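What follows draws every value from the coordinates through simple rules; no lab data is involved. Note that the coordinates shown come from a computational prediction; the quantities given were computed from them, not determined experimentally. Reconstructed Cβ throughout: ideal geometry from the backbone, glycine too, with neighbour counts over all protein chains shown.
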Ligand SMILES: [Zn+2]
């Protein structure tokens, strides 16, 4: 009797944990199954897209004061044809990358050719975790914890290839959002099987752009201890960005349906008023048409962001320069943003274009104003757009020839004239006492010139004008570094940041290409080694869920009001 009872107790005690363990492992199994199915679906659905891909690589060298600094760079841009796997149609050339035609050696995840050149496709590869065998027969999944990535709650797993899973398998950690089990981030490496296989580390992010739509958008990669050919060390940091997923010409089609509705109302007879066009107006209209054509084409090529909040920031600065210089420019100046990371700016008629990359690295509003003043000067001096773009056949060309076809760079004479005029405009402007940082920015850019040649090489416009006359505009009162703004007494030479790391200001929606100003808290005191001017830094995204595809956000306090008052660009 007594013995039997004990046995029952033992059975009762052991039965519970056993069942709980079984439940736990089946829960894990179920979640892992869902992740695998979802990742398969993700890879299939991505085949429908042909996003733009841009990779910027900085080689690194040691520096006794700053840790590591850039030592040479590479830039690739192209369109990914995901329907064909990891296929890339290059837009850039002449960057010594040798295009993509060279044979990739070493299989999955290899990023170098035999001659140790970077291969753009190797970076594009990192949008996928494993295209051939992401399943339980090749991988082991260990649940780590739950974690928030911004607003998105994610389950975190460690993923390791099983023995004999083969070469080039992913090793690292994945973050899986907890509603539909999409992998939203993976961080690790493709493991090489042998010493001849070069591998590297990366952190790949996907961004939500609608229900069940997570798009690969940002990849940070680096290698700090990569031995090749035994002794030569190749260390680098790289950022890869993808955008332009939404390929539909929806804007144009929406416009067409609107026009068709409008056309049912009769056209007003305007013959009684003075509507004939004189030759000067005709020339202006002709130029405006050329300008509109180019802007429209650049937007359709997914090289230019749609009209948005960042344009308004630039418009504000243009307004401030015009008001204080009593300028009345007709037709009105418009500002647009090129989506690339390269530092460049140009004018197309009365449209001023800044690259995202340039706006990103500028340290403050006054230095932005310095760049804007240069472009406004081109307009004021009447440096015109090539009128040939008013002929529509000039706009019909193959996408891969974009950079060959379009070029908006100026002659040296026009550049010099604009730089002189810019200083004149700045001297009358509200920025006149704050030009020290702008000067320091240009100095910093000049001193880094040799290390970042591809970042500062424009594809469409002019490189950042090194304005030698700017020094004359820097007033003695503003020459104390960091004392640019009396409203900011805490600023000191130590905390002075003369140029930001790449991606410091603007965030991009990979679906719609819309740009928004980053809303981050100030970093506080920044050590010298943390400043990293013009440098590549990791991506750390604040993920959100998009409930519909319209990502229009309130532009906040920016007002695009009439030219009556000097406006303040909102600080980030
Ligand atoms: Zn210029």
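Listing for the model above:
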| read-out | value |
| --- | --- |
| Cα shape, the stretch 308-405, gyration tensor, a/c 1.5 rule | oblate |
| Gap separating the Cα centres of the stretch 44-79 and the stretch 357-414, nearest whole Å | 24 |
| Order of 170, 539 - criterion: other Cβ atoms within 10 Å of each residue's Cβ, fewest first | 539, 170 |
| Shape category assigned to the stretch 398-466 from the gyration tensor of Cα positions, a/c cut at 1.5 | oblate |
| Sites residue 274 and residue 296 - FRET efficiency at Förster radius 35 Å, r taken between beta-carbons, to 0.05 | 0.75 |
| Taking 535, 322 and counting other C-beta atoms within 10 Å, the order from fewest to most | 322, 535 |
| Global form of the stretch 274-329, assessed from the alpha-carbon gyration tensor, a/c cut-off 1.5 | oblate |
| Full-extension gain in nm, residue 40 to residue 527, via 0.36 nm per residue minus C-alpha separation | 170.9 nm |
| Segment residue 147-residue 162, length gained on full extension (0.36 nm per residue, minus Cα span) | 2.8 nm |
| Full-extension gain in nm, residue 288 to residue 27, via 0.36 nm per residue minus C-alpha separation | 87.7 nm |
| Inter-label distance for residue 64 and residue 447, nm, one decimal - labels placed 7 Å from Cα along Cα-to-Cβ | 1.6 |
| Residues 182, 378, sorted so that the one with the fewest Cβ neighbours within 10 Å comes first | 182, 378 |
| Nitroxide proxy distance, nm - points 7 Å out along Cα→Cβ at residue 400 and residue 420 | 4.5 |
